[in-house]
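Shown next, in structure tokens, is the structure this report addresses.
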Amino acid sequence: MTATATGPDTRPEPGQDANLKRDLGYWSLTGVACGGIIGSGWLFGSFYGAQAAGPAAVISWVIGGAALTLVALVLIELGAGRPEAGGMVRWPFIANGPLAGTLIGWTMLLAVASTMAAQASAIVQYANRYLPGLYEDEALTLRGRFAGVGLLLVLVILNWFGVRLFARLNLLVTAVKVLVPVLTIVALLVSSFHPGNISAGGGFAPYGWSASLTAIAGAGIIYAIDGFASPIELSAEAKNPRRDIPRAVLTAIGLAVLLNIVLQLTFVFAVPTESLGDGWRGLTFASPFGELALLLNLSWLAAVVYADAVFSPGGSTYVAVAAGSRETYAVAKNEALPRWFAGVSERSGVPRRAMALNFALSVVILLPSSGWRDLITVVGTLALLTYALCSVAAGTFREAAPERLAGWVRGLGWIAPAGFVVASELVHWSDWENLRIALPELLAAVLLFAVLRRRDLDLRAELRTGAWLLGYLVWLLVMSGLGSFGGMNLIPAPWDTVAVALSALATYRWGVRSGVAHLRR
């Protein structure tokens, strides 16, 4: 129920939370977090990171990991305090009203479907080794796209029968998924170690220091670490969310960041130096670690990597299907989708209608795409915007509805605004070419909201409450166009980053004030 400063809202919830099964303990939640993180990202992130920033990509992993840890603390405080199925969609709706809830809901809907499509694309790209004709000329073929659709259908069917079966299968899959990258690190470093690669190909930062920031979102680094929020989205099905969710999420992030830093260094040192004649951007690997293993005559490792390249992203997609269905269910609870999608199967405890909708949308996204990299930048940007709005929700609850918070995270008063600033910086660093498409689409969604809700809401009041969000999207777009990350460079580095930080702090305070006023209405 929606709490306010004057007491709880006694209206019944539009969803069917009572049908959800509380079957997830600490190990299941940790497996969900690790399973959500370790997927196609480790197979591609190190290569695209090196291609974008050279050896300096290792800095990208450190910054990305620290940033997501800060954001995770905010989400942990929200998820452990008041567990919600699809909480990242519900909290902004409760704290900041229908406009914020609808916009984040549609954003999450697109992010979930894009994630499923991206994971399926990664599997098909690597499976091309065994089934030629799925991926040609650096793009999925028609056959490859339909193979991805078939894979998604299988994973939806496996999720159809309940969270307990999902948790047990996921723990087994996750154990294998961790083992293979560790084996890859050891085998590559033993077989090929070229410390001179740090300076080869143009030096440690051949494309400038700003490239290591752009790589965080543009090269899939955020995407490779993201996925930690899955236990939070499943928090309504946790046995003891206050105790287990914080431990599970922070354990998974720490392991994932460490693993990916070592993988990045391994890739940099293992590439034969003679391959860097045209620099790091001259490398062309369709299946990076598999092709690198073959280049080093490690055919047995290549066989393991190619097999895991089907298995590992399949496991992450399995998690994405489960968590994503709860997020779409929450979008329907927010009335940003027809209420029909807010149904939960009484027998299985699974929001099957929401899961079916996600599958349909992922097919629509997958069929026209050319491959993994086409999809991951959009996913990363959308996820960061979602995290930013959750930070505002946490600040709002702290001031007007503290009973909604767990009290687990000390220093939320500075962590929440810091999380908003960090998420905003990561969006800005995503590069103008990506933001000039993503942000106008979200602004257009505001117009769609006004058209669809004009009869049942006081639109003037809602637009006043959500004005901070409109301003946020507009200044992000303008700052990206004027800044140094693919923009006109009228605001050169590092001043564009400083300007984004100051604007983000002001917007955070504006958003919290609007949220407090909304809760006290």
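The values are calculated or read from the model by the stated rules, or taken from the named source; none is laboratory data. Please read these numbers as outputs of a predicted model, since none were measured by experiment. Every residue, glycine among them, receives a Cβ derived from its backbone with ideal geometry; neighbour counts consider all protein chains shown.
When each of Gly86, Gly64, Gly101, Gly148 is tested for being surrounded by 22 or more Cβ atoms within 10 Å (Cβ to Cβ) and under 27 Å from Ala211 (Cβ atoms), the lone residue that passes is Gly64.
Scan region 29-39 and give yes if some residue there is out of contact with any Phe, Trp or Tyr (no Cβ under 8 Å at 6 or more places or on another chain), part of a helix (DSSP H, G or I), surrounded by fewer than 24 Cβ atoms within 10 Å (Cβ to Cβ) and at pLDDT 85 or above, otherwise no. Within region 29-39, one or more residues are out of contact with any Phe, Trp or Tyr (no Cβ under 8 Å at 6 or more places or on another chain), part of a helix (DSSP H, G or I), surrounded by fewer than 24 Cβ atoms within 10 Å (Cβ to Cβ) and at pLDDT 85 or above.
What residue, among those in region 476-510 that are touching a Phe, Trp or Tyr at 6+ places or on another chain (Cβ under 6 Å) and not in a helix (DSSP H, G or I), is nearest to Gly413 (Cα to Cα)? Looking at residues that are touching a Phe, Trp or Tyr at 6+ places or on another chain (Cβ under 6 Å) and not in a helix (DSSP H, G or I), I get Phe485. When Phe285, Phe341 are checked against the criterion of being under 30 Å from Ile157 (Cβ atoms) and aromatic (Phe, Trp, Tyr), Phe341 stands alone in meeting it.
Comparison of Arg513, Arg464, Arg454, Arg460 shows that the only residue that is over 24 Å from the mean Cα position of the chain (by Cα) and part of a loop (DSSP other than H, G, I, E, B) is Arg454. Filtering Ser312, Ser345 for residues that are in contact (Cβ under 8 Å) with a residue 12 or more places away in the chain, of a type outside the set (Phe, Trp, Tyr) and crowded, with 19+ Cβ neighbours inside 10 Å leaves a single hit, Ser312. Among the conditions (1) closer than 30 Å to Tyr472 by Cβ; (2) at pLDDT 85 or above; (3) more than 15 Å from the chain's Cα centre (by Cα), Met88 misses just one, which is (3). Could you run through region 177-198 and say how many residues are out of contact with any helix residue (DSSP H, G or I) (no Cβ under 8 Å at 6 or more places or on another chain) and either under 15 Å from Trp42 (Cβ atoms) or surrounded by 13 or more Cβ atoms within 10 Å (Cβ to Cβ) (or both)? Going through region 177-198 one residue at a time, the tally reaches 2.
Taken over region 121-145, the residue count meeting the criterion of being closer than 15 Å to Ile365 by Cα, assigned to a helix (DSSP H, G or I) and in contact (Cβ under 8 Å) with a residue 60 or more places away in the chain is 3. Counting only helices (runs of 4 or more DSSP H) that sit completely within region 195-309, those holding 1 or more residues that are among the hydroxyl-bearing types (Ser, Thr, Tyr) correspond to 210-218, 221-225, 230-233, 241-270. Within region 387-411, the residues that satisfy the criterion of being part of a helix (DSSP H, G or I) and over 22 Å from the mean Cα position of the chain (by Cα) are Thr396, Phe397, Arg398, Glu399, Ala400, Pro402, Glu403, Arg404.
When residues in region 485-508 are screened for being touching a residue at least 12 places away in the same chain (Cβ under 8 Å) and not hydroxyl-bearing (Ser, Thr, Tyr), 11 of them pass.
Against the condition of a type in the set (Lys, Arg), assigned to a helix (DSSP H, G or I), on the phi < 0 side of the Ramachandran plot and in contact (Cβ under 8 Å) with a residue 24 or more places away in the chain, how does Arg436 come out, does it pass? Criteria met by Arg436. Of the listed requirements (1) more than 27 Å from Gly79 (Cα to Cα); (2) modelled with pLDDT of 85 or more; (3) surrounded by fewer than 15 Cβ atoms within 10 Å (Cβ to Cβ), Ile437 misses just one: (2).
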